[in-house]
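Here's the structure, in structure tokens; my notes come after.
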Amino acid sequence: MTNPYDVIIIGAGIAGGMVARFLSKYELDILLIDKEVDVGMGTSSGNSAAIHAGYDALPGTNKALTNVIGVDMWPRLSQELGIQYERCGDYVVAVDKEDMLVLEELLERGAHNEVPNLEIISGEAMRRREPLLRPDAIGALWAPTGGIGDPFAATIAAAENAVMNGVDLKLDTAFKDFIMEGDRITGVRTSQGDFNCRWAVNAAGLYADEVMHKAGVRPEFNIRPRRGEYLILDKADFQLTNTTILFPTPSEKGKGILVASTLHGNVIVGPNANFVDSKENRDVSKEGIEEIWSGGKKLVPAINRKHIIAEFAGLRATGNAPTPNPEIDYNQDFIIEIPDKVHGLVNLGGIESPGFTAAPAIAIKVIELLESAGEVLTEKMDWNPVRPPRPVFRHLSREEQAALIAKDPAYGRIVCRCETVTEGEIRAEVHAPIPADTYDAIKRRTWLGTGRCQGGFDMPRVVSILAEELGIPEEEVTKKGKGSELLFRRTKDVEEDYLNMEDLL
Ligand SMILES: Cc1cc2nc3c(=O)[nH]c(=O)nc-3n(C[C@H](O)[C@H](O)[C@H](O)COP(=O)(O)OP(=O)(O)OC[C@H]3O[C@@H](n4cnc5c(N)ncnc54)[C@H](O)[C@@H]3O)c2cc1C
């Protein structure tokens, strides 16, 4: 058993990453663990990337509170973490009288939640702002504080900033059980050994129910994965007029199938919302594609199937926690608590949408809970909230590109032609505070392989660069950890095998 940690955070998604980042401000020994080989491989890698304004969540819920505080935090946070974020605003589009009533309801809910500057605009005004919108739209709710983030970059940057500020990160380290003395948590059993701690933060996303059950907390709480499927359109072929998010009016299934811009310049269509049996089932189904395509077409008839370049799915951690406000007939809220029954646990559960938006506010709430439990938090003198961004070649001016190449010629060699990602960027990610050592880790950080060719051109080159930088044979380079090796064996060995077979015949 190692020296005790003050806090062990279970799960390095956006919630665990933000908790680690904000807690790293204090004189605490912190360990962040994740069962996967990289941070942010769970739900935080499969969502709409919307920074929701906060008119959707029901007043009085944790969702509403953390959503609205979260929105306010993103402008400064994105600056500090060196990540992209655009407060472009979003629209909920109405096509009939019933929809208009829903807009009124959302406007009122938004006012309760203190969402600023919400406004219902006419269909005509809406179409002026987005001419590609269906022609019969009769109005829209305009939310200027809605925005778009980059969940991949945000999760990585938050965890990186935590590591820069002294947090230990252990990947490929699965939580197995709590070590308890009576009703007090004193440590965590993992696939990589036992670690003592005074506090454990459950940020295990889809598996948060199983983690809290190990401490005997909320045995009635269960998470049912609710899958959302998406399609991505080629940015060279189709764009919305402005960077924005277009929602239909919400239904009992959620916020509905949106058509939106991404910060990488593509248009995204989705998600649907269907329960699935497995917490690992992120497959995209034929029926799902039909469902989201018809949903997208209803908003923007001009989208064309021939522009689809990728599909993916994410799983919402939909739980059955009752709302703290019994007046509201709504049975799913975020759990953010220190349970009475057990000492030493900060419990997060059911962090479905708007969990990406809310994550920084959830982290602040965790700090408040610790303080209210008597934890005296002393700020570090040398905490650094700034995580300097690494150069992104395609975002630089010609002069900046030339200067970078002069300093390091590897930035002059383009590896991904669709997204203009250079060898220098790939090598920099291997040596970052959280080293990227798989193909997908490089992809999540540099955005290579996400364009029209979907990795067809860059993958062999990335394999060689990774092998060289990591000092391993190319056959050991993986897509996303052990068991996902990209190369089976050398072609030469195959030829030799044929020769041997000939000898046998
Ligand atoms: C389809 C869809 C659309 C969405 N759209 C939006 C949106 O537009 N805006 C928004 O604000 N939110 C959105 N969300 C919600 C948002 O994505 C989630 O709320 C957020 O990503 C949850 O983050 P998390 O850290 O709680 O979970 P995760 O990202 O899943 O992180 C949990 C981590 O815990 C790890 N873990 C699990 N079990 C163990 C274990 N035993 N040991 C160690 N580690 C473990 C996992 O590997 C994972 O990395 C959407 C979600 C979905 C599915």
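The values are calculated or read from the model by the stated rules, or taken from the named source; none is laboratory data. Keep in mind that this is a model prediction, so the values were computed, not measured. Don't worry about glycine lacking a Cβ; one is built from the backbone with ideal geometry, like all the others, and counts go over all protein chains shown.
Mind listing just one residue for me: the one in the stretch 254-313 that is charged (D, E, K, R) and under 17 Å from the mean Cα position of the chain (by Cα) and, of those, farthest from residue 419 (Cα to Cα)? If we take residues in the stretch 254-313 being charged (D, E, K, R) and under 17 Å from the mean Cα position of the chain (by Cα), then 279 is farthest from residue 419 (Cα to Cα). Annotation: of all residues in the stretch 50-64 being buried (at least 20 other Cβ atoms within 10 Å of the Cβ) and hydrophobic (A, V, I, L, M, F, W, C), the one that is farthest from the ligand (Cβ to nearest atom) is 64. Scanning the stretch 354-412 for residues that are of a type in the set (Val, Ile, Thr), under 30 Å from residue 146 (Cα atoms) and not in a helix (DSSP H, G or I) gives 386, 392.
Residue by residue, here is whether (1) assigned by TED's automatic domain parsing to the domain that holds residue 432; (2) free of Cβ contacts under 8 Å to residues at least 40 places away in the same chain; (3) within 16 Å of the ligand (Cβ to nearest atom); (4) over 30 Å from residue 195 (Cα atoms) holds:
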position: 41; (1), (2), (3), (4): no, no, yes, no
position: 69; (1), (2), (3), (4): no, no, yes, yes
position: 113; (1), (2), (3), (4): no, no, yes, yes
position: 116; (1), (2), (3), (4): no, yes, no, yes
position: 126; (1), (2), (3), (4): no, yes, no, yes
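All of 361, 410, 403 fail the test of being among the small types (Gly, Ala, Ser) and in contact (Cβ under 8 Å) with a residue 40 or more places away in the chain, apart from 361. Condition first: more than 14 Å from the ligand (Cβ to nearest atom), within 24 Å of residue 251 (Cβ to Cβ) and either out of contact with any strand residue (DSSP E or B) (no Cβ under 7 Å at 6 or more places or on another chain) or modelled with pLDDT under 95 (or both). Can you find one or more residues in the stretch 73-89 that meet it? The answer is no, given that none of the residues of the stretch 73-89 is more than 14 Å from the ligand (Cβ to nearest atom), within 24 Å of residue 251 (Cβ to Cβ) and either out of contact with any strand residue (DSSP E or B) (no Cβ under 7 Å at 6 or more places or on another chain) or modelled with pLDDT under 95 (or both). Kindly provide the set of residues from the stretch 293-309 that are part of a helix (DSSP H, G or I) and surrounded by 13 or more Cβ atoms within 10 Å (Cβ to Cβ), ordered by number. 293, 295, 296, 297, 298, 299, 307 - these are the residues of the stretch 293-309 that are part of a helix (DSSP H, G or I) and surrounded by 13 or more Cβ atoms within 10 Å (Cβ to Cβ).
I'd like to know if the stretch 166-176 contains one or more residues that are surrounded by 24 or more Cβ atoms within 10 Å (Cβ to Cβ), among the aromatic types (Phe, Trp, Tyr) and within 13 Å of the ligand (Cβ to nearest atom). No, the conditions are met nowhere in the stretch 166-176. Pairs are defined by a Cβ separation below 9 Å, a sequence spacing of at least 6 or placement on different chains, a first member in the stretch 259-287 that is closer than 22 Å to residue 41 by Cβ, and a second member that is modelled with pLDDT under 95 and of a type in the set (Phe, Trp, Tyr); the pairs so defined are 266/238. Of the residues making up the stretch 343-361, those that are more than 8 Å from the ligand (Cβ to nearest atom) and on the phi < 0 side of the Ramachandran plot are 343, 345, 346, 347, 349, 360, 361.
Among all positions in the stretch 130-151, there is at least one residue which is assigned to a helix (DSSP H, G or I) and within 30 Å of residue 380 (Cβ to Cβ).
Within the stretch 265-292, being surrounded by 18 or more Cβ atoms within 10 Å (Cβ to Cβ) and either away from the ligand (no atom under 14 Å from the Cβ) or assigned by TED's automatic domain parsing to the domain that holds residue 50 (or both) holds for 266, 267, 289.
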